[in-house]
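The values are calculated or read from the model by the stated rules, or taken from the named source; none is laboratory data. Since the model is a prediction, treat every value here as computed from it, not as a measurement. Heads up, the Cβs are rebuilt from the backbone with ideal geometry, glycines too, and the neighbour counts pull from every protein chain shown.
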Amino acid sequence: MGPVGIGFTAFSKPVREKILRMKKAPRQKYPLVTELTEAEHIGMVREIFSTITGKYDFLNHLLSLGRDIVWRRSAVKKMRFFRTYRFLDVGSGTADLAIDATQRHPCIQVTGVDFVQEMVDLGRFKIEKRHLSDKIRLVTSDALDLPFPDNSFDVTGIAFGIRNIPNKIRALREMMRVVVPGGQVMVLEMTFPRNRLMQGIYHIYLNRMLPNLARPFSPNPVAYYYLADSITHFPTPEGFVRLMDEAGLKQVQKHSLTLGITHLYIGTKPMSPKPIQSTGTVKPASSR
Ligand SMILES: C[S@@+](CC[C@H](N)C(=O)[O-])C[C@H]1O[C@@H](n2cnc3c(N)ncnc32)[C@H](O)[C@@H]1O
C-alpha cells in the first residue's frame, strides 16, 4: 500500500500537497493533527499504520525500552470477567493485548478489532504461531461502529489506540455499548507530562531522538513524528477522566504508570445507562 494509497482524495488540497511533497522528500513530517479535519486525521492514521506494520512490534519495544509490555500487563491484571467471559480489544493492532489477556485469563474468549488490514494480518499470523486461534479472533472493522450487539463482552480495552481516534467520546460510548452493565471499559494511553523539566526532556525524546532511532528500522520513519504529535495533543489525565465521565462511564479511575508517561483508565458501565447526549471535546495537554 503506497503512501498515497488510502483515502487520498479525502484530504484537502493543501494537505494532499504536503503529503505528496513528503513522499518526494521522506524526511518531511506529516501535517500536525491540529491542521487536519477529522476525516483527514483518520485517513492519515490508516495510512501510517498500513506502512509501519512490519517493524511495529520491534520498534514499540525498542522505543519504550520494553515498558509497553509491562503497561499492557498492568491492564490485563485488572480485567474482571464475570458473565460473558469475553474480552474485546479495540484498535488491536498486532494483537499484543489480546494475546496477553488470554495468557492471564485462560478461561476467556477474545475478539480484536482494527481497521488496518495489514495490522490484522500480522496479528492473525502471531495468533496462529502461538496456537491461540481457538481463543482469539480478529475482525477488520472501525472502532466507531463495532459490529457487535449491545452487552456482548465483560471487558473492552484499547491500548495506545484512542489517541488516533479524533472523536474519542464516540469511541468510548461505542465501547461502553458493547460491554455488559457492570463491565469494564479500559484505556491505556501515553501522556505528555506536566512537570516543566520532564516536558523538556520528553519533548526532545519524542521529537528528536525517537524519529532518529526509528529511521534505520522503519519503512516510514516520519510516522514517528506523528507519534510525538499525537501524544502532545492528547488530553491531560484529568481531562481524559472527564471525557470518560461524559461518555457515561462510572467510577472512573486513573492509574499512573512509569512516572506518569502512560496512564491506565478504567470505567464501569452503569447498570442503567443514561441516554446519550452531547459529543464534547477536551482541550489537549499542550494547550493548557
Ligand atoms: C498504536 S496502535 C496500537 C496497537 C495495539 N493495541 C498495541 O497495543 O500495540 C493503534 C492501532 O489502532 C488502530 N486504529 C486507529 N483508529 C482506529 C479505528 N477508528 N478503528 C479501528 N482501529 C483503529 C490502528 O490501525 C492501529 O493498529
Note on region 82-118: residues of a type in the set (Phe, Trp, Tyr), more than 8 Å from the ligand (Cβ to nearest atom) and on the phi < 0 side of the Ramachandran plot are Phe82, Phe87
The condition of being surrounded by 24 or more Cβ atoms within 10 Å (Cβ to Cβ) and among the hydroxyl-bearing types (Ser, Thr, Tyr) holds, among Thr111, Thr94, Thr140, only for Thr94
* To do: Confirm whether Tyr265 is modelled with pLDDT of 90 or more, crowded, with 18+ Cβ neighbours inside 10 Å and not polar (S, T, N, Q).
  => yes
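Could you tell me whether any residue of region 56-68 is within 23 Å of Val178 (Cβ to Cβ), hydrophobic (A, V, I, L, M, F, W, C), within 13 Å of the ligand (Cβ to nearest atom) and surrounded by 17 or more Cβ atoms within 10 Å (Cβ to Cβ)?
Filtering region 56-68 down to residues within 23 Å of Val178 (Cβ to Cβ) leaves none.
No.
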| Quick check: anything in region 133-156 in the same structural domain as Thr94 (by TED's automatic domain parsing), within 16 Å of the ligand (Cβ to nearest atom), within 23 Å of Pro237 (Cα to Cα) and assigned to a helix (DSSP H, G or I)? | no
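Which count do you get for residues in region 74-87 that are of a type outside the set (S, T, N, Q) and either surrounded by fewer than 15 Cβ atoms within 10 Å (Cβ to Cβ) or part of a loop (DSSP other than H, G, I, E, B) (or both)?
First pass over region 74-87, keeping only residues of a type outside the set (S, T, N, Q): 75-83, 85-87.
Then keep just the ones that are either surrounded by fewer than 15 Cβ atoms within 10 Å (Cβ to Cβ) or part of a loop (DSSP other than H, G, I, E, B) (or both); that gives 77-83, 85.
Here the count works out to 8.
Rundown of residues vs (1) part of a helix (DSSP H, G or I); (2) closer than 16 Å to Asn164 by Cα; (3) not basic (Lys, Arg), yes/no style:
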{"residue": "Tyr205", "(1), (2), (3)": "yes, no, yes"}
{"residue": "Pro211", "(1), (2), (3)": "yes, no, yes"}
{"residue": "Pro219", "(1), (2), (3)": "no, no, yes"}
{"residue": "Tyr226", "(1), (2), (3)": "yes, yes, yes"}
{"residue": "Ser230", "(1), (2), (3)": "yes, yes, yes"}
{"residue": "Val241", "(1), (2), (3)": "yes, no, yes"}
Can Arg163 be described as assigned by TED's automatic domain parsing to the domain that holds Tyr265, within 9 Å of the ligand (Cβ to nearest atom) and among the basic types (Lys, Arg)?
yes
The lone condition Gly43 fails out of (1) under 20 Å from Glu118 (Cα atoms); (2) modelled with pLDDT under 60; (3) not in a loop (DSSP other than H, G, I, E, B) is (2)
Here the qualifying pairs (Cβ atoms under 7 Å; residues six or more apart or on different chains; first in region 150-161 and at positive phi; second within 16 Å of the ligand (Cβ to nearest atom) and at pLDDT 95 or above) come out as Phe160/Leu188; Phe160/Glu189
Of the conditions (1) in contact with a helix residue (DSSP H, G or I) (Cβ under 6 Å, 6 or more places away or on another chain); (2) surrounded by fewer than 19 Cβ atoms within 10 Å (Cβ to Cβ); (3) not acidic (Asp, Glu), the single one that Leu188 does not satisfy is (2)
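Looking at region 69-81, which of the residues that are more than 17 Å from Lys126 (Cα to Cα) and hydrophobic (A, V, I, L, M, F, W, C) is farthest from the ligand (Cβ to nearest atom)? Break it down into steps so the answer makes sense when it comes.
Step one: filter region 69-81 for residues more than 17 Å from Lys126 (Cα to Cα), giving 70-71, 73-81.
With hydrophobic (A, V, I, L, M, F, W, C) added as a condition, the list becomes 70-71, 75-76, 79, 81.
On the way: Val70: 12, Trp71: 9, Ala75: 9, Val76: 11, Met79: 14, Phe81: 19 Å.
Here the residue is Phe81.
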Checked region 171-217 for anything within 16 Å of the ligand (Cβ to nearest atom) and among the hydroxyl-bearing types (Ser, Thr, Tyr); matches are Thr191
Cβ pairs under 7 Å, 6+ apart or interchain, first in region 113-129 and closer than 12 Å to Phe49 by Cβ and part of a loop (DSSP other than H, G, I, E, B), second modelled with pLDDT of 95 or more and not hydrophobic (A, V, I, L, M, F, W, C), ordered by first then second residue, are Phe115/Thr140; Phe115/Ser141; Phe115/Asp142
Is it true that Ser50 is within 22 Å of Asn207 (Cα to Cα) and either at pLDDT 95 or above or within 16 Å of the ligand (Cβ to nearest atom) (or both)?
yes
